[in-house]
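I have placed the structure first, in the form of structure tokens, so that the comments after it can refer back to it.
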Amino acid sequence: MYIPSYKEEPFEWYKSMRTQRIVREGNSVHVFKYNDVVTVLSNHNVFSSQFRDLLGDDIKNELDSRAAPSILILDPPRHTELRGLVSSAFTPRKIESYDNYIRELAAKMIENIIEKGRCDLVSEISYPLPIMVISNMLGVPEKDLKKFKEWSDALATSLGRGPDLRTQREMSEYFLNMIDRNSNEDNLISRLSNVSIDDKKLTDQEITGFSILLLVAGNETTTNLITNALIELSNHPDIYKELVDNNKIAGDIVEETLRFRSPVQSTRRYAKYDYQINGFNIYKNDFIFLYLGSANRDEEIFKDPDNFNPFRENKRHIAFGNGIHFCLGAPLARLESRIVLEEFAKRIESFSIERLNPDDRIDSDIMYGYKRAIINVKKIN
Ligand code: HEM
């Protein structure tokens with residue numbers, strides 16, 4: 001079966017696949033409809049995320065010796081325990097307290113774009129903003145941001161294609177060195193280093209696994225959301241004009257971008273038991289490919305799904321997943337992107353993005369977005 005890399009637009013392919021609902025090829029099962037994707041994601045007792053259990057002992061031991069599996073690839077009960085350790089740092093209320101800090105960063109970056117007139121949106125705003133924010137939350141120095149960029153590019157490409165051992169090794173060494181059991185600083189790495197579950201501290205490998213996840217998950221994804229939102233606004237100058245007149249619609253634009261050009265297009269599970277999804281037989285050890293980006297265009301759920309319409313009533317997209325693995329960073333990603341749009345529209349009267357081509361796109365089986373997007377801006381006088 002043809003499976004797209006997101007170097008190409010997948011949406012026509014999804015549309016034809018949705019007519020077949022679920023497609024099996026060997027022990028791979030591909031799920032395209034919204035309700036079926038939600039069924040799998042919400043049923044973690046049958047559909048596991050614990051992929052390291054399927055690797056050969058050599059690779060599994062090599063990976064585990066450096067960074068323990070993160071919550072993204074753990075099932076309960078360990079998933080529940082570890083997620084509980086950081087969830088209070090990511091509540092919408094806690095995240096709101098970063099508003100001023102993010103706004104200042106965004107304003108500075110946008111002023112810089114105005115001064116240049118023409119530049120690469122990704123390297124000037126979409127990439128540096130989320131990585132600076134998450135580095136600050138984790139407590140890692142800004143001077144290392146260039147290194148993070150190389151790692152996250154390498155991981156975005158390797159995601160879903162098997163582990164990139166060299167990058168994993170470099171990142172693990174970096175974070176192992178950051179662990180300081182005596183630190184009382186107010187950041188996430190210190191918090192993870194000093195917290196206990198049933199009187200047991202996390203191991204160095206668990207802290208490392210968690211830190212890598214937060215750095216990577218909070219980075220490329222939000223970069224793509226910001227870029228995709230501005231690309232969509234450049235395609236719809238009428239909606240951009242409305243945003244300039246009324247920046248309260250920024251949140252609606254972010255939600256519609258999440259649905260329409262979901263930064264994470266697909267995720268995976270494997271079946272621990274035989275099961276039926278809406279009459280379709282799933283067998284133990286099947287790999288399940290879940291196309292969030294297709295579910296978000298399901299015509300039975302969203303009216304006129306191929307139309308970018310921030311004012312649609314139904315905003316129940318699943319771009320952040322569903323169930324126990326629902327994205328921990330959703331409030332942060334939403335806040336960062338909303339602030340960028342608000343600060344952008346305060347200062348820029350109109351803008352255009354130069355023609356994008358396939359080489360500008362991220363080469364990934366999971367992530368949907370651009371490495372580069374040249375923008376031209378005209379400031380408000
Ligand atoms: C999980 C998407 C931003 C941290 C997920 C999942 C999705 C997702 C789809 C679930 C994957 C699955 O069930 O297999 C996104 C998108 C983002 C974004 C589209 C931006 C637009 C962030 C940010 C952070 C973050 C900013 C943190 C700083 C996480 C974590 C998980 C996760 C820790 C794992 C949760 C768990 O397994 O319990 N994200 N994410 N994400 N995300 Fe995000």
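The values are calculated or read from the model by the stated rules, or taken from the named source; none is laboratory data. No experiment lies behind these values; they were computed from the predicted model shown. A quick note on method: Cβ atoms are made from the backbone with ideal geometry, for glycine too, and the neighbour counts reach across all protein chains shown. What goes into the accessible areas is simple: the full protein's heavy atoms, side chains included, and nothing from ligands, DNA or RNA. Shrake-Rupley method; radii C 1.70, N 1.55, O 1.52, S 1.80 Å.
Summary of values
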| read-out | value |
| --- | --- |
| Residues that are among the aliphatic types (A, V, I, L, M) and not in a helix (DSSP H, G or I), drawn from the range 287-318 | Ile288, Leu290, Ile301, Ile318 |
| Residue within the range 89-105 that is among the hydrophobic types (A, V, I, L, M, F, W, C) and surrounded by fewer than 19 Cβ atoms within 10 Å (Cβ to Cβ) present | yes |
| Subset of the range 46-59 that is surrounded by 15 or more Cβ atoms within 10 Å (Cβ to Cβ) and at pLDDT below 95 - its residue that is farthest from the ligand (Cβ to nearest atom) | Leu55 |
| Single unsatisfied condition, Gly84 versus (1) away from the ligand (no atom under 14 Å from the Cβ); (2) closer than 18 Å to Gly329 by Cβ | (1) |
| Any hit, the range 89-110, residues being touching a strand residue (DSSP E or B) at 6+ places or on another chain (Cβ under 7 Å), among the charged types (D, E, K, R) and within 15 Å of the ligand (Cβ to nearest atom) | no |
| Cβ pairs under 6 Å, 6+ apart, first in the range 1-28 and over 26 Å from Tyr275 (Cβ atoms), second open to solvent by 40 Å² or more (accessible area, probe 1.4 Å) and in a helix (DSSP H, G or I) | Lys7/Pro358 |
| Selection status of Leu341, within 16 Å of the ligand (Cβ to nearest atom), more than 17 Å from the chain's Cα centre (by Cα) and crowded, with 20+ Cβ neighbours inside 10 Å | yes |
| Search result, residues across the range 124-155 that are polar (S, T, N, Q) and loosely packed, with under 14 Cβ neighbours inside 10 Å | none |
| Scan of the range 344-367 for residues that are among the acidic types (Asp, Glu), within 17 Å of Tyr127 (Cβ to Cβ) and within 16 Å of the ligand (Cβ to nearest atom), ordered by number | none |
| Residue in the range 356-374 that is touching a residue at least 40 places away in the same chain (Cβ under 8 Å), more than 17 Å from the chain's Cα centre (by Cα) and under 18 Å from Val244 (Cα atoms) present | no |
| Single unsatisfied condition, Ile73 versus (1) more than 15 Å from the ligand (Cβ to nearest atom); (2) open to solvent by 20 Å² or more (accessible area, probe 1.4 Å) | (1) |
| Residue, nearest to Glu349 (Cα to Cα), within the range 156-166, restricted to residues that are out of contact with any strand residue (DSSP E or B) (no Cβ under 8 Å at 6 or more places or on another chain) and surrounded by 14 or more Cβ atoms within 10 Å (Cβ to Cβ) | Thr157 |
| Leu121 within 15 Å of the ligand (Cβ to nearest atom), under 22 Å from Leu332 (Cα atoms) and open to solvent by less than 50 Å² (accessible area, probe 1.4 Å) | no |
| In the range 314-338, the residues that are open to solvent by 60 Å² or more (accessible area, probe 1.4 Å) and either more than 15 Å from Ala250 (Cα to Cα) or within 11 Å of the ligand (Cβ to nearest atom) (or both) | Arg316, Phe326, Arg334 |
